[in-house]
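This report concerns only the one structure given below.
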Amino acid sequence: MIEKEQVGVWTDRLASKASVPGGGGASALGGALAAALGQMVANLTVGKKRYADVEEEMQQCLFALNVLQMELLALADKDAEVFAPLAEAYGMPSGTEEEKAEKERVMEERLLAASQVPMMMMEKAAGVLDFVELLEKKGSKMAVSDAGVAAQFARAAITGAVMNVYINTKSMKNREKADELNAKAQKLLEEGAKKADEIYGSVLKKLVG
């Protein structure tokens, strides 16, 4: 599991020619880093007299972002788990009509699973952004740059994961389902990128005027 590995070991595996971890896992890790940075900002805010009026909100951020961090790390592992069965399905025999039909059935099932995992990454990263937006506005001014970095990591998680949705829906025979997934992913992409850019822009304005 990724959460039990040293980061150097995991990135070495990422750099290798092994098919997993790949872009999906890296996207999930980016989202987890965003959640961790958000917690850093909250931790630098709680307990400070200057920010006593937002203490409860900061505590809520800490709890929620910790959950999101764990969920995103779990999705990094899940991404690898759903890839292996899909890779196996591509090698199924298709010499007879029966074999061809069975392969198509299995492929659809596994392509759907492989699409849903990065979709969940996008949803979780979007959730991280909701809290980062609050932290950028109300968190410690000393850590505002960290909120900006968190926004960028969450943005990368969303813009990275969406490609893993599309690469799988592209091969689905059920185009109605594929179009439904694509539309959901597109909405998450547009809304997430916009929010992340707004947070980042606000941070830069505070830093350089």
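With respect to the cross-link table entries K49/K138; K78/K195; K124/K184; K17/K187; K49/K141; K103/K187, which display a Cα-Cα separation exceeding 24 Å?
Details: K49/K138 13 Å; K78/K195 27 Å; K124/K184 14 Å; K17/K187 33 Å; K49/K141 14 Å; K103/K187 31 Å.
Check vs 24 Å cut-off fails for K78/K195; K17/K187; K103/K187.
When the accessible area of the range 9-117 is split by element with a 1.4 Å probe, what percent falls to carbon and sulfur?
On the way: 3370 of 5810 Å².
Accessible surface attributable to carbon and sulfur in the range 9-117 totals 58 percent.
Against the longest alpha carbon principal axis of the chain, how many degrees, from 0 to 90 and to the nearest 10, is the axis of helix 23-43 turned?
It works out to around 20 degrees.
Would you kindly give the portion of the calculated P(r) for the chain that falls above 21 Å, as a percent of all Cα pairs?
On the way: 12406 of 21736 pairs.
Every Cα pair in the chain considered, those over 21 Å come to 57 percent.
Treat every Asp and Glu Cβ in the chain as -1 and every Lys and Arg Cβ as +1, leave all other atoms uncharged, and give the resulting dipole magnitude about the Cα centre to the nearest 20 debye.
Values: 26 positive and 31 negative charges, 168 e Å.
Roughly 800 debye for the chain.
Could you work out [θ]222 nm for the chain from helices alone, using -39500 (n - 2.57) per DSSP H run of at least four and dividing by all its residues? Round to the nearest 500 deg cm²/dmol.
Details: 6 runs with 168 residues, N = 209.
For the chain, the value works out to -29000 deg cm²/dmol.
Would you mind pulling out the separation of the Cα centroids of the range 23-60 and the range 103-143, in Å?
16 Å
Over the heavy atoms of Y166, what accessible area does a 1.4 Å probe trace out, to the nearest 10 Å²?
Surface accessible to solvent at Y166 totals approximately 70 Å².
Can you tell me the alpha carbon radius of gyration of the range 1-102 divided by the globular rule-of-thumb value 2.2 N^0.38 Å? Walk me through the numbers before you get to the answer.
Details: Rg = 20.4 Å, N = 102, 2.2 N^0.38 = 12.8 Å.
Here the Cα radius of gyration is 1.60 times the empirical estimate.
Kindly write out, for the range 201-207 in residue order, the coupling ³J(HN,Hα) from the Karplus curve 6.51 cos²θ - 1.76 cosθ + 1.60 (θ = phi - 60°), rounded to whole Hz, with x marking Gly and Pro.
Per-residue couplings from phi come out as x, 5, 5, 4, 4, 5, 7 Hz.
Could you give log10 I(q)/I(0) at q = 0.16, 0.17, 0.33 Å⁻¹ for the range 159-204, computed by the Debye formula over C-alpha point scatterers of equal weight, without solvent?
Here log10 of I(q) over I(0) equals -0.49, -0.53, -1.11.
Under 20 Å from the 7 Å Cα→Cβ point of E190, by amide nitrogen: which residues of the range 153-176?
Only 155-167, 169-170, 176 fall inside the zone, counting backbone N under 20 Å.
So if we plug the beta-carbon distance of K170 and Q6 into 1/(1 + (r/R0)^6) with R0 = 41 Å, what FRET efficiency do we get, rounded to 0.05?
Working: r = 35 Å, r/R0 = 0.86.
For K170 and Q6, the calculated efficiency is 0.70.
The values are calculated or read from the model by the stated rules, or taken from the named source; none is laboratory data. No experiment lies behind these values; they were computed from the predicted model shown. Glycine gets a Cβ as well: all are built from the backbone with ideal geometry, and neighbour counts include every protein chain shown. The accessibility values were calculated without ligands, DNA or RNA, using every heavy atom of the protein model including side chains. Shrake-Rupley method; radii C 1.70, N 1.55, O 1.52, S 1.80 Å.
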